[in-house]
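Here is the structure we will look at.
The values are calculated or read from the model by the stated rules, or taken from the named source; none is laboratory data. Every value quoted in this text rests on a predicted model; they were computed, and no experiment measured them. Cβ coordinates were reconstructed from backbone atoms using ideal geometry, including for glycine residues, and neighbour counts include every protein chain displayed.
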Amino acid sequence: MKTLKLAGLFVLLCLLKPGPANFAYCDDLRETNRIIAEYYRKAMESFYNKEYRTAVGMYREILKMDPLQAQAERLIDVAVQKMSDTVAPKTNELRRFIDAGEYRKAQLAAQELLSLDSANAEWIAINDKLSKIAAFAPRVVGSDRTSKMLRKSVQAYTARKVNPRIAVNGARMAWQLEPRNTANEQLRELMESEFSTYAQAEQILSGITVIDQKLQSALSDIYDAKYDRAIIECNDVLDLEPGNVTAMKRAGSAYYALGSKQKAVEIWKKACAIAPDDPELQKFSKMK
């Protein structure tokens, strides 16, 4: 390996320049290389015995001693891939718990994953997030509007591709629906802290919910010919409430004004399926 070759070069230099300090350094280096070689041996033995977790631990120890051991990094990836039979079901279980609002169970699932690879950055991050959520909302399984908003927020917060807009908007909406609920207040504070840039840019108004505020903004944007902005506002609403007919109406109007008529009609037809008796939607869905 490259690192071992360099170590050999250092030893050679030490021998060319004899001295107590140099010889002591060479002895330390030889001992380090001996320990690293022993870790590699034990790791490979564990790997062939399908003890992949143990192998990963050995490779981690090697990297602590010598961060330049690229071979150890590669072998960690191989061992983790070999653990996929265990990892995949546990990862799927973790996501199911999050989607269902079972945050304490999700946290335990994340900890089980960390027991397989304690240095996995993704699992460390999601475990940290779930520990924060479970501290004040261990379980949110209701079918009411507030619970749905809270779950939307947490899903966006814990997703692999985090969505700050949904995380903040969902938390704010849950809090607005039930401001006396301590969990809703703590979730809003957490999301506004985690995504402070977005939270500060999207100030909420008193006396009106996030959804109604965005619907009003979308309408004003359409009147001002700010159609792209209107679509963003409508999409924010639809991320929280996919069946919000008013948002679909206004998004369709904005697309139509931009010349994306086919897209507009598609949205209006979807809305019409939700509200078939709406005369405005019936008219819109027939436009060309």
Given (1) touching a Ser or Thr at 6+ places or on another chain (Cβ under 7 Å); (2) in a helix (DSSP H, G or I), index of the condition Trp175 fails: (1)
Criterion (in the same structural domain as Leu150 (by TED's automatic domain parsing), buried (at least 22 other Cβ atoms within 10 Å of the Cβ) and among the hydrophobic types (A, V, I, L, M, F, W, C)) met by exactly one of Ala251, Ala230, Ala174, Ala183: Ala174
Number of the condition not met by Lys50 [criteria: (1) part of a helix (DSSP H, G or I); (2) under 46 Å from the mean Cα position of the chain (by Cα); (3) at pLDDT below 85]: (1)
Failed item, numbered, when Ile124 is tested on (1) surrounded by 14 or more Cβ atoms within 10 Å (Cβ to Cβ); (2) in contact (Cβ under 8 Å) with a residue 40 or more places away in the chain: (2)
Positions within region 62-98 being modelled with pLDDT under 90 and of a type in the set (Ser, Thr, Tyr), in sequence order: Ser84, Thr86
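Here's the yes/no breakdown for (1) of a type in the set (Ser, Thr, Tyr); (2) in contact (Cβ under 8 Å) with a residue 24 or more places away in the chain:
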{"site": "Val154", "(1), (2)": "no, yes"}
{"site": "Asn169", "(1), (2)": "no, yes"}
{"site": "Asn181", "(1), (2)": "no, yes"}
{"site": "Leu187", "(1), (2)": "no, yes"}
{"site": "Glu192", "(1), (2)": "no, yes"}
{"site": "Tyr198", "(1), (2)": "yes, yes"}
{"site": "Leu205", "(1), (2)": "no, no"}
{"site": "Asp239", "(1), (2)": "no, yes"}
{"site": "Asn244", "(1), (2)": "no, yes"}
From the options Glu280, Glu241, residue that is within 30 Å of Ala137 (Cβ to Cβ) and not β-branched (Val, Ile, Thr): Glu241
Counted residues, region 101-126 - those being small (Gly, Ala, Ser) and either at pLDDT 95 or above or within 14 Å of the chain's Cα centre (by Cα) (or both): 6
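With respect to Lys286, is the statement that it is at pLDDT below 95, among the charged types (D, E, K, R), over 30 Å from Val154 (Cβ atoms) and part of a loop (DSSP other than H, G, I, E, B) true? Spell out the reasoning first.
Details: at pLDDT below 95: yes; among the charged types (D, E, K, R): yes; over 30 Å from Val154 (Cβ atoms): yes; part of a loop (DSSP other than H, G, I, E, B): yes.
For Lys286, the condition - at pLDDT below 95, among the charged types (D, E, K, R), over 30 Å from Val154 (Cβ atoms) and part of a loop (DSSP other than H, G, I, E, B) - is met.
Go through region 52-75 residue by residue and tally those that are of a type in the set (Val, Ile, Thr) and in contact (Cβ under 8 Å) with a residue 40 or more places away in the chain. Talk me through it step by step, then tell me what you get.
Initial filter on region 52-75 (of a type in the set (Val, Ile, Thr)): 54, 56, 62.
Right, trim to in contact (Cβ under 8 Å) with a residue 40 or more places away in the chain and you get 56.
Qualifying residue count, region 52-75: 1.
Would you confirm, using the coordinates I've provided, whether Tyr256 is touching a residue at least 12 places away in the same chain (Cβ under 8 Å) and outside the structural domain of Lys161 (by TED's automatic domain parsing)?
Details: touching a residue at least 12 places away in the same chain (Cβ under 8 Å): yes; outside the structural domain of Lys161 (by TED's automatic domain parsing): yes.
So Tyr256 passes the test.
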Test: residue in region 257-275 that is modelled with pLDDT of 95 or more, part of a helix (DSSP H, G or I), under 18 Å from Ser220 (Cβ atoms) and under 33 Å from the mean Cα position of the chain (by Cα): no
